[in-house]
1. Taking the range 6-20 as the region of interest, how many residues are closer than 17 Å to Gln66 by Cα and not in a loop (DSSP other than H, G, I, E, B)?
2. Restricting attention to the range 70-93, does a residue exist that is in a loop (DSSP other than H, G, I, E, B) and either of a type in the set (Asp, Glu) or within 15 Å of Arg181 (Cβ to Cβ) (or both)?
3. Between a first residue in the range 545-574 that is free of Cβ contacts under 8 Å to residues at least 60 places away in the same chain and a second residue that is surrounded by 14 or more Cβ atoms within 10 Å (Cβ to Cβ) and among the charged types (D, E, K, R), which pairs have beta carbons less than 6 Å apart while being 6 or more apart in sequence or on different chains?
4. Mind checking which residues of the range 126-144 are closer than 23 Å to Ser19 by Cα and part of a strand (DSSP E or B)?
5. Output the residue which, of all residues in the range 43-55 that are among the aliphatic types (A, V, I, L, M) and assigned to a strand (DSSP E or B), is nearest to Ala193 (Cα to Cα).
6. Please determine, by comparing only the residues of the range 622-634 that are surrounded by fewer than 12 Cβ atoms within 10 Å (Cβ to Cβ) and not acidic (Asp, Glu), which one is farthest from Val542 (Cα to Cα).
7. Test of understanding: among Lys156, Lys149, Lys118, which residue is assigned to a helix (DSSP H, G or I) and touching a strand residue (DSSP E or B) at 6+ places or on another chain (Cβ under 6 Å)?
Amino acid sequence: MPKATLPDGKDIQYKSGDSAAVIASFVGPRLAESAVAAEINGNLTDISAAPEGDVSLKFITGDTPQGLEVLRHSASHVLAAAVLRLYPSAKLGVGPAVEDGFYYDFKLPKNLNEDDLKPIEEEMAKIIQRDEPFERVVMPRGRAIEEMKKLGQDFKVEILEEIEDDEVSLYKTGDFMDLCRGPHVPRAGMLKAVKLTKVAGAYWRGDAERENLQRIYGTAFPTQKELDEHLKSLEEAKKRDHRLLGRQLDLFSFHEEAPGFAFWHPNGVALVTEIERFWREVHRQRGYKEVRTPAMLNEELWHRSGHYENYREYMYFTTSEGMKLALKPMNCPGTLLIYNSTKHSYRELPLRYAELGQVHRFEMSGVMHGLLRVREFTIDDAHIFCTLEQVTDEVKGVVDLIIFLLEKFGLTDYIVELSTRPTKSIGTDEMWESAEGSLYRALDEMKLDYKVSEGEGAFYGPKIDFHIRDCLKRTQQCGTVQVDFAMPERFEMTYIGPDNAEHRPVMIHRAALGSVERFVGFLIEHYAGLFPTWLAPVQAIVLPIVNRHHEYAGEVGRELEAAGVRYEVDTRSEKIGHKIRDATLRKIPYMLVVGDRECKDRTVAVRECGGTDRGSVSLDSFVREIGEEISSRLIKRR
């Protein structure tokens, strides 16, 4: 009899033709009930699949990342089945599992709103309650095309006509059938906790020239408890939405006159300025020299750099005096021109140029999202020119700098990802092999945990990315390090070596925080707008109780100003309770109430936003305390 070897090394004998589900029942009834899929010889498949001969076998349960993806993908099919029952003329797009849930795209006879989700959910519940099985059907591609034509599913026909395989798989759930590779849960009743979350617009295949579709989002979890916790997290995320808090805290705004371009208000400028001041301080200490390059450059430069060929759909173009120009989507070609403007010796290397460079990239209106996806933003960029022998140490230095900066912002939870050569790339095989080797070596020598994403590098070089997690465990791509051998070749960059001959430098592209705008959006949501004191646009506000306390309040303000504290004095004729509420809504870290006793004793009554009422503190000691908190860039949780 053949045997199946489980991950723990245990062998299970089975009869030829037994499915993975049958083998699971040999292990135990609990596993047979909870397994949603199987991995046979490393290939993920339906639990109904039958292994052949001696195999390695792993059962996938819904409480694992793979199992959760299977659950959610199956839920998307149930969603499509429910929509077709309510709207028989619906055209089906695609319905994948995505991070935190799933979606399905539809062309529908009506525009849906949030109220339409409830009847769809109710129809999904009926399908789940009937516990209809997911059945895999394999048929010739030509026959599948005919089936989809009969059903009027034009989008599915389009997909099938592009598939080169002779046979394709479809999945049936009751009277619903969909083109799909699978795998899926064995039956719909295994979907214990499903919720539809929102409706959005989409284009077929993401192409604005194609059909407008409606995208229904949802999520699924193994248990109702996990779903409830997730929905609670979503509600918390809504409260932390940086677009909402941006208005509440008067940080920035967006306007139809410039879609996708942020308008920074004084409070927002104070926040960004503090971030950039710290950034400059750290870079000076680490041997970087700051440069600045033009926003608009000759289009020919972008052909030479490779950006036009690989990036032109995201670029803005114009003409002036017969010259074709482009707004820069990246800073690197301008920095290359600076490097080439003079000769360099090996004694100068590594040469580290840093730039807070404003760039422009065309983003489709449907994907723009507050500060997280804009058309104009600032990259905290740098380009390092070094010898081949210096590459690994320079990469390690950049990684160390990124970690240092993140920790100063209170961000210690992150994922490191190394991405290798993509299909669309420039440069030779030897260049890529050397560049990838230097990144692997740097991370290994620093003993950092990292994951590898094959084929996800930049078109000009492999990269290391930092994905930071906020307090709700959501991730955002942040810092990046990229090794580039190709662009120095294209721009014929050289340095004079110790042999007095010309040599080609290696170029390292890097951003420590990434987009400043996106980083600010992340910080707003991570801290729910209550920033550490050193970052807060207004760090302290003085609240005189009545008019006779205004003079002393002004004196407190002058002491704060002398200590470098960003402050305000609220001299409105409002009651003190109202002033405190307003300051709390503005999330000002410190509220300093001054009344008769404070004027007499030269003290301030200190209230911390989100914290406690500390009572009276001497003015001198408070000014000293807040000054130390700001200068040390202390992360004080409130």
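The values are calculated or read from the model by the stated rules, or taken from the named source; none is laboratory data. Source: prediction; values computed, not measured. Reconstructed Cβ throughout: ideal geometry from the backbone, glycine too, with neighbour counts over all protein chains shown.
1. Qualifying residue count for the region: 1.
2. Residues of the range 70-93 that are in a loop (DSSP other than H, G, I, E, B), as a first pass: 87-90, 93.
Still in the list and also either of a type in the set (Asp, Glu) or within 15 Å of Arg181 (Cβ to Cβ) (or both): none.
Among the residues of the range 70-93, not one is in a loop (DSSP other than H, G, I, E, B) and either of a type in the set (Asp, Glu) or within 15 Å of Arg181 (Cβ to Cβ) (or both), which makes the answer no.
3. What qualifies is Asp570/Lys579.
4. Our first condition is that a residue be closer than 23 Å to Ser19 by Cα; within the range 126-144, this holds for 131-139.
Pro133, Phe134, Glu135, Arg136, Val137, Val138, Met139, listed by residue number.
5. Just the residues of the range 43-55 that are among the aliphatic types (A, V, I, L, M), to begin with: 44, 47, 49-50, 55.
From what's left, assigned to a strand (DSSP E or B): 44, 55.
Values: Leu44: 23, Val55: 33 Å.
Result: Leu44.
6. Residues of the range 622-634 that are surrounded by fewer than 12 Cβ atoms within 10 Å (Cβ to Cβ), as a first pass: 628, 631-632.
Right, trim to not acidic (Asp, Glu) and you get 631-632.
Working: Ser631: 21, Ser632: 23 Å.
Filtering first and then ranking leaves Ser632.
7. Numbers: Lys149 fails: touching a strand residue (DSSP E or B) at 6+ places or on another chain (Cβ under 6 Å); Lys118 fails: touching a strand residue (DSSP E or B) at 6+ places or on another chain (Cβ under 6 Å).
Answer to the check: Lys156.
Here is a yes/no grid of residues against (1) part of a strand (DSSP E or B); (2) at positive phi; (3) in the same structural domain as Leu351 (by TED's automatic domain parsing); (4) surrounded by fewer than 19 Cβ atoms within 10 Å (Cβ to Cβ):
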{"residue": "Cys471", "(1), (2), (3), (4)": "no, no, yes, yes"}
{"residue": "Glu492", "(1), (2), (3), (4)": "no, yes, yes, yes"}
{"residue": "Asn500", "(1), (2), (3), (4)": "no, yes, yes, yes"}
{"residue": "Phe522", "(1), (2), (3), (4)": "no, no, yes, no"}
